[in-house]
Amino acid sequence: MRVADAYGDVIELEQGWTDDTQQAFYNTPQGAEILPYSWILALEQKDSEKAFLDPANIERFRYLPRKKTDSNPDGLPVGWTKGSDATGKVWLGLTCAACHTGQVEYTNPQTQQKIGIRVDGAPTLADFNTMNLELVAAMKATLTDEAKFDRFAKAVMKDGDSPNARSGLRGDLQAQTAMLNARNEINKAHIEYGFARIDAIGFIFNQTMSTLPGIPENAKPSDAPASYPFLWGTDQSDVVQWTGFAANSSGAGTLVRNGGEVIGVYGKVALTEATEYESSFMIDNLGKLENWVRELNSPAWPELVFPAIDRAKAAQGEKLYADACAQCHQVIARDVAIKTAYVAAITPVEELGTDPTELANMNERKYKAGIYNGKKVGSIAGPVIGGPQNNGLTTGLNPLVNAVVGSLLKHKLEAVKAFADEYATRTSSAPTSAPGYKGRPLNGIWATAPYLHNGSVPNLYELLLPAAQRSKTFTLGSRAYDPVRVGYALDQPKAAEDYTPFTFDVSPKGNWNTGHEYLMTQEGVPFTEEQRWQIVEYMKTL
């Protein structure tokens, strides 16, 4: 089925959602507050009079632009939202779909027809970091270019335009620009993220440990960029996140996990010495979003577009997968997956051998904790979670839980309703606590490149090679898909007119493509080249 509001020829796959559910997932705000909403409609690009929301600019960042419709009258990109805070002020925000809606492109070699394939719940290709930098640059240009500011002010204030109103608007714009710029600065790292990655945990920890309590020295480089996890199967797992640190063992744990995600995308929490905090969280909407994700199916290989699966080769690969892969990546049939709870396999990083940065940042970084600037840092809100107040030093997880739980306590009735209506029906499993990286069922894995937790391997075929034989550099930015190797095409342009290709270099720590070298059967017999291709073919069927 064609995507009606997409630019270009794009189809969507059957994943169990109605059109209304899909649009609600794209449009429902969760409490993120980036800019006053009228500003984004008026904001121009830094070096142009073209709108920041111009579809070509949005596509340059590899977010998914949309045409105007009844449910999206301003033509916001997928996952960019309009929402009101408790005072009625309207904000631009991001919701789950911005980071978890994928789209690839395939050109038929016979007809040369190019078609896009939209996959709900798949990792975005978007460059979140560059978008943020460009957004701040556009705001700075509006402040320094009088003609830009004049156009901006007229569009924002309309009939309320006056010298006094303009002065107030300029002050507000300066303050918001400074806040967003400071966020970019404290998250700077020695490596570029590029497309399809973000250090979400680093961003969240810097918010809860440095920005919210006002402790600049608590800021740490966000230097562990990770691939966006796919969403199908999230609710059914005992734990989420690449390191498995967020438990799904109860509805409350799930609600806390989603509140933390809002903090990572411009949600606000007013920390105090008390145990209850005002926040921008839209708790009821978080429950709805979780419920929709629970019903999302993985995408089947689109044989009407891609070359058909070689079923004989896949059958051989299935046997090899069962022998060598299924211990960590269990097989759950697509038709029962949304009803099947599972326990993820957590493999210690010493055994797995993949880049250790994200795990080390989670477990080894220490932050000041206690009461600072009249704000509680590093304390768990006792009435819900239990546990003593920490003083001295802490890891980042404890303060994150404190900030989210304190926000939930401030909105008891709404939190209880969200828990009862949307969270408590999930099947709980005992959480896994061993430090390591998570292995999960690979349903729909074809749609989730690049691979490994840090996105350092461009396709599934290379993931089955010894690390020394994997690409040392590769280019990202094009949506062009390789259905043979299964991932983004390797022959991407090094330069392009409509976007800036990113060269992924695996040499810096944080980008390592080492490990996950499960290259033989349990009997210790190395895979042949033919067997690698058989496993790749089988994974297309998942």
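Quick one: how many residues across the stretch 449-472 are open to solvent by less than 20 Å² (accessible area, probe 1.4 Å), of a type in the set (Phe, Trp, Tyr) and farther than 14 Å from residue 196 by Cα? Steps first, answer last, please.
Going through the stretch 449-472, the residues open to solvent by less than 20 Å² (accessible area, probe 1.4 Å) turn out to be 449-451, 453-460, 462, 464-465, 467, 470.
Add one more test, that the residue is of a type in the set (Phe, Trp, Tyr), and what stays is 451.
Still in the list and also farther than 14 Å from residue 196 by Cα: none.
Of the residues in the stretch 449-472, 0 are open to solvent by less than 20 Å² (accessible area, probe 1.4 Å), of a type in the set (Phe, Trp, Tyr) and farther than 14 Å from residue 196 by Cα.
Look at residue 237 and say whether it is among the hydroxyl-bearing types (Ser, Thr, Tyr) and more than 30 Å from residue 185 (Cβ to Cβ). Spell out the reasoning first.
Details: among the hydroxyl-bearing types (Ser, Thr, Tyr): yes; more than 30 Å from residue 185 (Cβ to Cβ): yes.
The answer is yes for residue 237.
Here are some residues: 254, 208, 243. Which one is outside any loop (DSSP other than H, G, I, E, B), open to solvent by less than 20 Å² (accessible area, probe 1.4 Å) and modelled with pLDDT of 85 or more? If you could, list the steps in order and put the result at the bottom.
Values: 254 fails: modelled with pLDDT of 85 or more; 243 fails: outside any loop (DSSP other than H, G, I, E, B).
Just a single option satisfies the conditions, and that option is 208.
Which helices (runs of 4 or more DSSP H) sit wholly inside the stretch 87-172 and have at least 3 residues that are out of contact with any strand residue (DSSP E or B) (no Cβ under 9 Å at 6 or more places or on another chain) and open to solvent by 10 Å² or more (accessible area, probe 1.4 Å)? Lay out the reasoning, then the answer.
Working: elements: 96-99, 128-144, 146-157.
Per the criteria, 128-144, 146-157.
Can you spot a residue in the stretch 452-461 that is at pLDDT 95 or above and either part of a helix (DSSP H, G or I) or farther than 22 Å from residue 123 by Cα (or both)? Checked the stretch 452-461: at least one residue is at pLDDT 95 or above and either part of a helix (DSSP H, G or I) or farther than 22 Å from residue 123 by Cα (or both). Cβ-Cβ contacts under 9 Å between residues 6 or more apart (or on different chains), taken from a first residue in the stretch 1-17 that is under 20 Å from residue 232 (Cα atoms) and without any contact (Cβ under 8 Å) to a residue 12 or more places away in the chain to a second residue that is open to solvent by 30 Å² or more (accessible area, probe 1.4 Å) and among the hydrophobic types (A, V, I, L, M, F, W, C), are absent. The set of residues from the stretch 76-123 being within 24 Å of residue 283 (Cα to Cα), touching a Leu at 6+ places or on another chain (Cβ under 8 Å) and polar (S, T, N, Q) comprises 81, 95, 101. Please pick out the residue among 286, 296, 304 that is touching a helix residue (DSSP H, G or I) at 6+ places or on another chain (Cβ under 8 Å) and outside any helix (DSSP H, G or I). The conditions single out 296.
Residue check: is residue 284 over 30 Å from residue 524 (Cβ atoms), of a type outside the set (A, V, I, L, M, F, W, C), modelled with pLDDT under 95 and in contact with a Phe, Trp or Tyr (Cβ under 9 Å, 6 or more places away or on another chain)?
Against the criterion (over 30 Å from residue 524 (Cβ atoms), of a type outside the set (A, V, I, L, M, F, W, C), modelled with pLDDT under 95 and in contact with a Phe, Trp or Tyr (Cβ under 9 Å, 6 or more places away or on another chain)), residue 284 does not qualify.
Annotation note: Cβ proximity below 7 Å between a residue of the stretch 62-79 that is farther than 22 Å from residue 479 by Cα and a residue that is acidic (Asp, Glu) (sequence gap 6+ or interchain) occurs for 68/74; 69/5; 72/5.
Apart from one condition, residue 293 fits all of (1) among the β-branched types (Val, Ile, Thr); (2) within 24 Å of residue 447 (Cα to Cα); (3) out of contact with any Ser or Thr (no Cβ under 7 Å at 6 or more places or on another chain); the exception is (3). The residue that is surrounded by the fewest Cβ atoms within 10 Å (Cβ to Cβ), counting only those in the stretch 493-522 that are acidic (Asp, Glu) and touching a residue at least 60 places away in the same chain (Cβ under 8 Å), is 498.
Which of the residues belonging to the stretch 523-533 are surrounded by 14 or more Cβ atoms within 10 Å (Cβ to Cβ) and in a loop (DSSP other than H, G, I, E, B)? Spell out how you get there, then give the answer.
Step one: filter the stretch 523-533 for residues surrounded by 14 or more Cβ atoms within 10 Å (Cβ to Cβ), giving 527, 531-533.
Answer for the stretch 523-533, where residues must be surrounded by 14 or more Cβ atoms within 10 Å (Cβ to Cβ) and in a loop (DSSP other than H, G, I, E, B): just 527.
Taking the criterion of being under 13 Å from the mean Cα position of the chain (by Cα), surrounded by 24 or more Cβ atoms within 10 Å (Cβ to Cβ) and not charged (D, E, K, R), would at least one residue in the stretch 217-225 satisfy it? Scanning the stretch 217-225, I find at least one residue that is under 13 Å from the mean Cα position of the chain (by Cα), surrounded by 24 or more Cβ atoms within 10 Å (Cβ to Cβ) and not charged (D, E, K, R), so the answer is yes. Looking at residue 198, is it open to solvent by 10 Å² or more (accessible area, probe 1.4 Å) and touching a residue at least 12 places away in the same chain (Cβ under 8 Å)? In short, yes. Could you list, in sequence order, the residues of the stretch 25-68 that are under 17 Å from residue 97 (Cβ atoms) and over 22 Å from the mean Cα position of the chain (by Cα)? Selection gives 67 alone. Is at least one residue of the stretch 183-191 under 22 Å from the mean Cα position of the chain (by Cα), β-branched (Val, Ile, Thr) and open to solvent by less than 30 Å² (accessible area, probe 1.4 Å)? Checked against the condition, which is being under 22 Å from the mean Cα position of the chain (by Cα), β-branched (Val, Ile, Thr) and open to solvent by less than 30 Å² (accessible area, probe 1.4 Å), the stretch 183-191 yields at least one hit.
In this structure, does residue 229 turn out to be touching a residue at least 24 places away in the same chain (Cβ under 8 Å) and more than 19 Å from residue 292 (Cβ to Cβ)?
no
In summary, residue 536 fulfils each of the numbered conditions (1) out of contact with any Pro (no Cβ under 6 Å at 6 or more places or on another chain); (2) open to solvent by 40 Å² or more (accessible area, probe 1.4 Å); (3) of a type in the set (A, V, I, L, M) with the single exception of condition (2).
Residues of the stretch 267-279 that are open to solvent by 10 Å² or more (accessible area, probe 1.4 Å), part of a loop (DSSP other than H, G, I, E, B) and touching a strand residue (DSSP E or B) at 6+ places or on another chain (Cβ under 9 Å): 268, 271, 272, 273, 274, 275. Filtering the stretch 190-225 to residues that are farther than 26 Å from residue 102 by Cα and of a type in the set (A, V, I, L, M) leaves 209, 212, 215, 219. Does the stretch 311-322 include one or more residues that are open to solvent by less than 20 Å² (accessible area, probe 1.4 Å) and either at pLDDT below 90 or touching a Pro at 6+ places or on another chain (Cβ under 9 Å) (or both)? No.
Can you say whether residue 340 is at pLDDT 90 or above and either in contact with a His (Cβ under 7 Å, 6 or more places away or on another chain) or open to solvent by less than 20 Å² (accessible area, probe 1.4 Å) (or both), as far as the supplied structure shows?
It is false that residue 340 is at pLDDT 90 or above and either in contact with a His (Cβ under 7 Å, 6 or more places away or on another chain) or open to solvent by less than 20 Å² (accessible area, probe 1.4 Å) (or both).
The values are calculated or read from the model by the stated rules, or taken from the named source; none is laboratory data. As the structure is a prediction and not an experimental result, all values here were calculated from the model. Because the Cβ atoms are built from the backbone with ideal geometry, glycine has one as well, and the counts that use them run over all protein chains shown. Side chains included, ligands, DNA and RNA excluded: accessible areas come from the protein's heavy atoms. Shrake-Rupley method; radii C 1.70, N 1.55, O 1.52, S 1.80 Å.
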